[in-house]
Amino acid sequence: MPDKRRQTTDIADLEKQVHGMLAALGEDPGREGLLDTPARTARSLSFLTRGYEGQLEDIVNGALFTSANDEMVILKDIEMFSLCEHHMLPFFGRAHIGYLPDGKVIGVSKLARIVDLYAHRLQIQEQLTQQVAQAIQEVTGARGVGVIIEARHLCMMMRGVQKQNSRMKTSMMLGLFRSNASTRAEFLSALQS
Ligand code: ZN
């Protein structure tokens with residue numbers, strides 16, 4: 001899967017840009033409360049986009065196990081925080097993952113780390129959902145994968161239409177989760193409980 005590793009963040013340049021943003025907003029970047037804001041914001045943005053520096057192989061490394069289990073594995077309610085690439089504002093919620101192993105299972109905490117790998121970037125929710133599903137498919141060789149993400153978008157809550165209670169739900173179904181209605185139904189009903 002194409003997975004671009006970025007160069008290290010240019011923190012000094014980022015600080016300069018944040019300083020410029022504050023000035024462009026009509027603020028005084030020299031006033032006491034804002035003095036350290038460029039440095040803090042630069043570090044914060046670098047941290048929030050650290051997913052660019054991760055690699056799927058490093059995460060999975062050593063956590064793939066041979067298993068005779070061919071029943072569905074489900075991990076639900078994985079907390080997720082990301083930044084929308086349109087406004088660089090947070091969207092956050094929960095991811096639910098299911099897969100049907102084909103001789104290999106992955107350590108359960110790795111599923112959550114795969115979500116973080118792709119969430120900690122500038123994203124759109126649809127693409128995040130797809131990347132997580134494809135990554136799990138790729139590393140486990142599962143017979144099927146289902147990923148559902150439910151999230152609230154601050155760019156919609158704080159600005160634009162200002163709808164406070166809407167949640168966006170996206171799903172990606174691969175393999176048997178796509179082609180077999182009963183597999184998909186088993187996954188969806190497990191998420192209800
Ligand atoms: Zn947005």
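Descriptive notes on the structure:
- Here is what passes the span test in the chain: the DSSP H helices with alpha carbon length of 18 Å or more along the helix axis and a Kyte-Doolittle mean of 0.0 or above are 11-24.
- The stretch 14-69 versus the stretch 110-159: alpha-carbon centroid distance in Å: 19
- Segment Gln127-Asp13, extension gain: residue separation times 0.36 nm, minus the distance between their alpha carbons: 38.2 nm
- Working ranking of peptides 24-32, 164-172, 137-145, 85-93 by packing, defined as the average number of other Cβ atoms within 10 Å per residue, highest first, is 137-145, 85-93, 164-172, 24-32.
- Under 26 Å, Cα to Cα: Lys pairs in the chain, sequence gap 8 or more or different chains: 7
- Globularity ratio of the stretch 2-119, using Cα Rg and 2.2 N^0.38 Å: 1.45
- Anisotropy class of the stretch 112-185 from Cα gyration tensor, a/c 1.5 cut: oblate
- Between Leu188 and Leu25, the simple spin-label model (points 7 angstrom out along Cα→Cβ) gives 4.3 nm.
- Segments 123-136, 55-68, 36-49 sorted - mean Cβ within 10 Å per residue, highest first: 123-136, 36-49, 55-68
- For the stretch 146-160, the Karplus equation 6.51 cos²θ - 1.76 cosθ + 1.60, evaluated at θ = phi - 60°, returns couplings of x, 10, 10, 10, 10, 8, 9, 10, 4, 5, 9, 7, 9, 9, x Hz by residue, with Gly and Pro reported as x.
- Our summary gives the stretch 141-193 a relative contact order of 39 percent, counting only alpha carbon pairs under 8 angstrom and 6 or more residues apart.
- Between Arg159 and His87, the modelled labels are 0.6 nm apart [label points 7 Å from Cα along Cα→Cβ].
- Rounded to whole Hz, the Karplus (6.51, -1.76, 1.60) HN-Hα couplings of the stretch 57-74, x for glycine and proline: 4, 5, 5, 7, 2, x, 10, 10, 10, 5, 8, 8, 5, 10, 8, 4, 9, 10
Here, each number is a calculation from the coordinates, and none is a lab measurement. Just so it is clear, the structure is predicted and the values come from calculations on it, not from any experiment. So basically every Cβ, Gly included, is an ideal-geometry build from the backbone, and we count neighbours across all protein chains shown.
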